[in-house]
Amino acid sequence: MTKLPTPQPGIMDIELYVGGASTVEGVANVIKLSSNENPWGPSPKAAEAFARAVHDLHRYPNTDHAALRAAIGEVHGLDPDQIICGVGSDEIITFLCQAYAGPGDEVIHTEHGFSMYRISALAAGAMPVEVPERDRVVDVDAILAAVTPATRLVFIANPANPTGTMVGKKELVRLATALPGEVVLVLDGAYAEFVEEFDGGASLVNRFPNVVMTRTFSKIYGLGGLRIGWGYASREIIEVLNRLRGPFNLSTAQLAAAEAAVRDRDHVARCHAENARLRVWLGNALAEHGVRCDASSANFVLARFGSREEAEACDAYLRGEGVIVRRVAGYKLPEALRITVGDEASCRRVAHLIGLFRNAGVTGAQGDD
């Protein structure tokens, strides 16, 4: 028998990622609230820039992403030379693990943290280390207690996915101050634009040379289908990451759409305001039906039911009615469903259906606060 190639250590420990469903068999017009997508779509200016890019499809894209980095720097008040662009923020996370972790090293992530932290650590041959959260909020003391001489990276999403909770700047400063200088602290700001007057951790990058901030165009900018992200860090770290980045990792169309999107501040402001309004409405509506949610700072809410059985039964009922939400048992939250804040009609529809489900006499006591 021919011997097969052996993958690197850690690869076979990775469970294949399963994205949010978008179809329901037998249902034509579904409402998709499973992937935290922007229901108002991208900026019309971004769509126009993407359409214009068709005339340059025969040309290789710019390799240094200078125009996009300049636009990001201008809008956010950052040094473009400290910015790297990637295929979603996922690619930046992958670069960080490739650059700073390997066999024998440890990568810390929190109990309900984004699954790509563990996946990217394993892909680099490192050991992911999970630490507990406190009531679904990042616990700085738990992270510090888990740090060992083998620790190389710490990942925190703020706001967090799938909980929507946040850890305050004071606690982040305490964490960054206490971490050894050789440990990279990564602040994942995928949902930062949904928080009022929040820089996603940029000020901490300016203060601590081992802190990195990642961001994405997939959420509030409505460009999830194009996969564009970016990171902000010290010039030394950015230089390291650029040695791993493929020269043509972003296409001309991606670069053009993202530049137009980040400059259209009016569209971002409208999406922010509508999301904030409907997020409060949806949380209150679910509470009236006896389903509690933690205070969310993102574009989704985490609906907590009395048991795993009740959450799964509600999910099945919603799917039967053509509404798709996200089970999050894989994030150690089996009794919960993550529900994207959609447009007003979608929010009213999902809240109404959950009310009907609850009133149908489903058993299961509500979980503790």
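Listed here are the residues, each with its yes/no results for (1) at pLDDT 95 or above; (2) within 18 Å of the chain's Cα centre (by Cα); (3) surrounded by fewer than 19 Cβ atoms within 10 Å (Cβ to Cβ); (4) not small (Gly, Ala, Ser).
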| site | (1), (2), (3), (4) |
| --- | --- |
| Thr2 | no, no, yes, yes |
| Thr6 | no, no, yes, yes |
| Leu33 | yes, yes, no, yes |
| Ala47 | yes, no, yes, no |
| Ala67 | yes, no, yes, no |
| Gly77 | yes, no, yes, no |
| Ile92 | yes, yes, no, yes |
| Gly102 | yes, no, yes, no |
| Glu106 | yes, no, no, yes |
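Collect the residues in segment 170-187 that are β-branched (Val, Ile, Thr) and part of a helix (DSSP H, G or I), keeping them in residue-number order.
Residues satisfying the conditions are Val173, Thr177.
Considering only residues that are under 23 Å from the mean Cα position of the chain (by Cα) and surrounded by fewer than 17 Cβ atoms within 10 Å (Cβ to Cβ), which ones fall in segment 282-297?
Residue satisfying the conditions is Ala295 alone.
Spot the failing condition for Ala313; the list is (1) under 19 Å from Leu353 (Cβ atoms); (2) touching a helix residue (DSSP H, G or I) at 6+ places or on another chain (Cβ under 7 Å); (3) surrounded by fewer than 22 Cβ atoms within 10 Å (Cβ to Cβ), and only one is missed.
Checking Ala313 against (1) under 19 Å from Leu353 (Cβ atoms); (2) touching a helix residue (DSSP H, G or I) at 6+ places or on another chain (Cβ under 7 Å); (3) surrounded by fewer than 22 Cβ atoms within 10 Å (Cβ to Cβ), the one that fails is (2).
Which residues, counting only those in segment 325-362, are part of a loop (DSSP other than H, G, I, E, B), surrounded by fewer than 24 Cβ atoms within 10 Å (Cβ to Cβ) and in contact with a Gly (Cβ under 9 Å, 6 or more places away or on another chain)?
Glu335, Val362
If we keep just the residues of segment 208-237 that are among the polar types (S, T, N, Q) and more than 19 Å from the chain's Cα centre (by Cα), which is surrounded by the most Cβ atoms within 10 Å (Cβ to Cβ)?
So the residue we want is Asn210.
Which pairs have Cβ atoms under 6 Å, sit 6 or more apart or on different chains, and link a residue in segment 328-350 that is without any contact (Cβ under 8 Å) to a residue 12 or more places away in the chain to one that is crowded, with 19+ Cβ neighbours inside 10 Å and part of a helix (DSSP H, G or I)?
Within 6 Å, no pair qualifies.
Evaluate segment 171-187: report whether one residue or more is closer than 30 Å to Phe50 by Cβ, surrounded by 23 or more Cβ atoms within 10 Å (Cβ to Cβ) and at pLDDT 95 or above.
yes
Being within 14 Å of Phe95 (Cβ to Cβ) and acidic (Asp, Glu) is true for just one of Glu239, Glu259. Which residue is that?
Glu239
In this structure, does Val205 turn out to be buried (at least 23 other Cβ atoms within 10 Å of the Cβ), within 16 Å of Tyr100 (Cα to Cα) and at pLDDT 95 or above?
no
The values are calculated or read from the model by the stated rules, or taken from the named source; none is laboratory data. Not measured: the values here are computed from a predicted model. All Cβ positions, even for glycine, are placed from backbone atoms using ideal geometry, and neighbour counts span all protein chains on display.
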